[in-house]
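**Q** Structure provided below as structure tokens; questions to follow.
The values are calculated or read from the model by the stated rules, or taken from the named source; none is laboratory data. Please read all numbers here as calculations on a predicted model, not as lab measurements. Ideal geometry is used to build each Cβ from the backbone, glycine not excepted, and the neighbour counts take in all protein chains shown. Side chains are part of the model used for accessible areas, which takes the heavy atoms of the whole protein and leaves out ligands, DNA and RNA. Shrake-Rupley method; radii C 1.70, N 1.55, O 1.52, S 1.80 Å.
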Amino acid sequence: MAKSGLRRLLGADGTSSAAEAGSDRSGRAPTLALTSLWSTTSTAPDTELIAMVKGGARRERGRRCAPRESASRRRPPSPGARTATLADGKPDPGRPDADEFGATLTEPAKLYEEVRRRSADEPLTLSIRDFLAVWGVPRRYPAAVEQIENDLDANGLDTVPPFTEGSLETQIAVLASGAEPDEAGTSAVTRLTVTTSSSAVVQRVADNARHLVNDDSQAKTVAYPVSNLDSANRMPKCVRAGDSLRTAMTLMMLRDDSQLPVLDADGRVRGVVSWESIGRAHMADSQASLAAATVRAQEADRSDDLLDWVGTIQRSGYVLVRDHDHKVCGLVTDSDLTVQFGIRVRPFVLVEEIEQRLRRIVDRCLPTDRIRAVVPRHRASRVNSAANLTFGAYGHLLKVPEKWAELGWLIDQQHFVAALEEGRNFRNSLTHFSPDPVTDDQLRPAQGLLELLRSAGEGDADPY
């Protein structure tokens, strides 16, 4: 937004002074435009401002190419130590990627015991990622969610907020369902929303709980809410209404941001300052203040459907995310959408190439009658090529030693067929909706299968 907005604003669209001065695509156009503009006034141009705006546009260009990695993303260590412990017949020490306490919750029974041991005022809190791991699932698949909900109901437990909402790093509390009110007639869930606990984690959980308790709608979330993005749950750097414009610009440069929220003394949104709004303000007054460069903000609620905001984010470059108190709790940018798109699409593209290569290899090496042999008799007449096979049928086909031999590969058949089965399971998992991204570890087996197919079929043309 910074570069395109400034070029559009300051005449770098090929119709004004920037173009006449030799504007190009190198990022120099905003500087040329500002210099040309201020050279016609009696006030000397602010060279520091020009340098900062130029740098902001240039850094924004790089930021779009390489978005910041989410601070909440964790890289789990090698699980070798856990595997060795289990191989020695010792008790499971827990997952190496969980926090110190979460790693001890290796089964639902241990979680139930820990919840009952605690008071409702200091409940068990953990991330949704660690909570799911207690049941041995990495993502919130429908079947897994149903199983966990049934287990919680059977044990009289609940999560606040619901573990089905938010990102995998969202902190939740696990506590008794609140059937027994206290002397004031309030349940455990309600008491959590007004907690004064000194624990920062409990306070964060309570904030989320207040948002849900005050929500009149009890319908389960079926859309993809804004809150599912990590950046929607990460408080952005802000400036206060009384700060100087120079402060805002310095922070934007230091943090490689295109915009910053402007808050009042109570933490409410007064607007947003961006490189574009700074350029506009300085066109009118070279000594413009932060107030002059502050424009109305685009604001979304955490529970809004993300798809409803894609167009706004595309046009404005961002949307602020607010909580139930209408205070800022996150900032989603076009870069975040780009990252999310890549995360979501990558597994499907990978599986598609695997299938394309399998079809080509089977069609090239095996006659149609042998392909039909692995298909149920009532469907065999409709099979004209490998394109008519399901993914699972390739495993049945290539388990037959004679058919495997016709491929002429120097590859271990047993391991390849096992990799095909793992690929089939991975493909099937993609067809079940989950709000959680596929991790690199979950992608690795499919990537390995694809690399094996690429190596085995190096003489083939690109399948696309």
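**Q** Considering (1) in contact with a strand residue (DSSP E or B) (Cβ under 7 Å, 6 or more places away or on another chain); (2) open to solvent by less than 40 Å² (accessible area, probe 1.4 Å), say which one Glu299 fails and leave the rest.
**A** It is condition (2) that Glu299 fails.
**Q** Looking only at region 332-363, filter to residues that are open to solvent by 40 Å² or more (accessible area, probe 1.4 Å) and either among the β-branched types (Val, Ile, Thr) or not in a helix (DSSP H, G or I) (or both); which one of those is nearest to Arg427 (Cα to Cα)?
**A** Val349
**Q** Checking the conditions here, which among Ala133, Ala98 is at pLDDT 90 or above and open to solvent by less than 50 Å² (accessible area, probe 1.4 Å)?
**A** Ala133
Results for (1) under 30 Å from the mean Cα position of the chain (by Cα); (2) in contact (Cβ under 8 Å) with a residue 24 or more places away in the chain, shown as yes or no for each residue.
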site: Leu350; (1), (2): yes, yes
site: Leu358; (1), (2): no, yes
site: Ile361; (1), (2): no, yes
site: Val375; (1), (2): no, no
site: Gly395; (1), (2): no, yes
site: Lys399; (1), (2): no, no
site: Asp412; (1), (2): no, no
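**Q** Can you say whether Ala288 is open to solvent by less than 30 Å² (accessible area, probe 1.4 Å) and in a helix (DSSP H, G or I), as far as the supplied structure shows?
**A** On the way: open to solvent by less than 30 Å² (accessible area, probe 1.4 Å): yes; in a helix (DSSP H, G or I): no.
No; evaluated as a whole, the condition is false for this residue.
Here's the yes/no breakdown for (1) of a type in the set (Ser, Thr, Tyr); (2) crowded, with 17+ Cβ neighbours inside 10 Å; (3) not in a helix (DSSP H, G or I):
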site: Arg116; (1), (2), (3): no, no, no
site: Thr125; (1), (2), (3): yes, yes, yes
site: Arg139; (1), (2), (3): no, yes, yes
site: Phe163; (1), (2), (3): no, yes, yes
site: Ser167; (1), (2), (3): yes, yes, yes
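**Q** Sticking with this one: Return yes or no: is Ser177 surrounded by 21 or more Cβ atoms within 10 Å (Cβ to Cβ) and of a type in the set (Ser, Thr, Tyr)? Can you show your working first?
**A** Details: surrounded by 21 or more Cβ atoms within 10 Å (Cβ to Cβ): no; of a type in the set (Ser, Thr, Tyr): yes.
No, not satisfied.
**Q** State the number of residues belonging to region 417-460 that are within 17 Å of Leu350 (Cα to Cα) and either in a helix (DSSP H, G or I) or of a type in the set (A, V, I, L, M) (or both).
**A** 30
**Q** Also, I was wondering about something else. Has region 258-270 got at least one residue that is open to solvent by less than 10 Å² (accessible area, probe 1.4 Å) and on the phi > 0 side of the Ramachandran plot?
**A** No, that holds for no residue.
**Q** Continuing with the same structure: Could you run through region 256-277 and say how many residues are under 13 Å from Ser316 (Cβ atoms) and of a type in the set (Gly, Ala, Ser)?
**A** The number of residues fulfilling the criteria is 4.
**Q** Does region 375-387 contain at least one residue that is part of a helix (DSSP H, G or I) and modelled with pLDDT of 85 or more?
**A** Going residue by residue through region 375-387, those that are part of a helix (DSSP H, G or I) are 377-380, 386-387.
The next check asks that each one be modelled with pLDDT of 85 or more; those that pass are 386-387.
Among the residues of region 375-387, at least one is part of a helix (DSSP H, G or I) and modelled with pLDDT of 85 or more, which makes the answer yes.
**Q** Is it fair to say Gly423 is open to solvent by less than 20 Å² (accessible area, probe 1.4 Å) and either touching a strand residue (DSSP E or B) at 6+ places or on another chain (Cβ under 7 Å) or over 19 Å from Leu366 (Cα atoms) (or both)? Spell out how you get there, then give the answer.
**A** Working: open to solvent by less than 20 Å² (accessible area, probe 1.4 Å): yes; either touching a strand residue (DSSP E or B) at 6+ places or on another chain (Cβ under 7 Å) or over 19 Å from Leu366 (Cα atoms) (or both): yes.
Criteria met by Gly423.
**Q** State which residue pairs qualify: first residue aliphatic (A, V, I, L, M) and inside region 296-324, second residue open to solvent by 60 Å² or more (accessible area, probe 1.4 Å) in any location, beta carbons under 7 Å apart, and separation of 6 or more residues or different chains.
**A** Close Cβ pairs (under 7 Å, with a partner that is open to solvent by 60 Å² or more (accessible area, probe 1.4 Å)) amount to Val319/Gln298; Leu320/Gln298.
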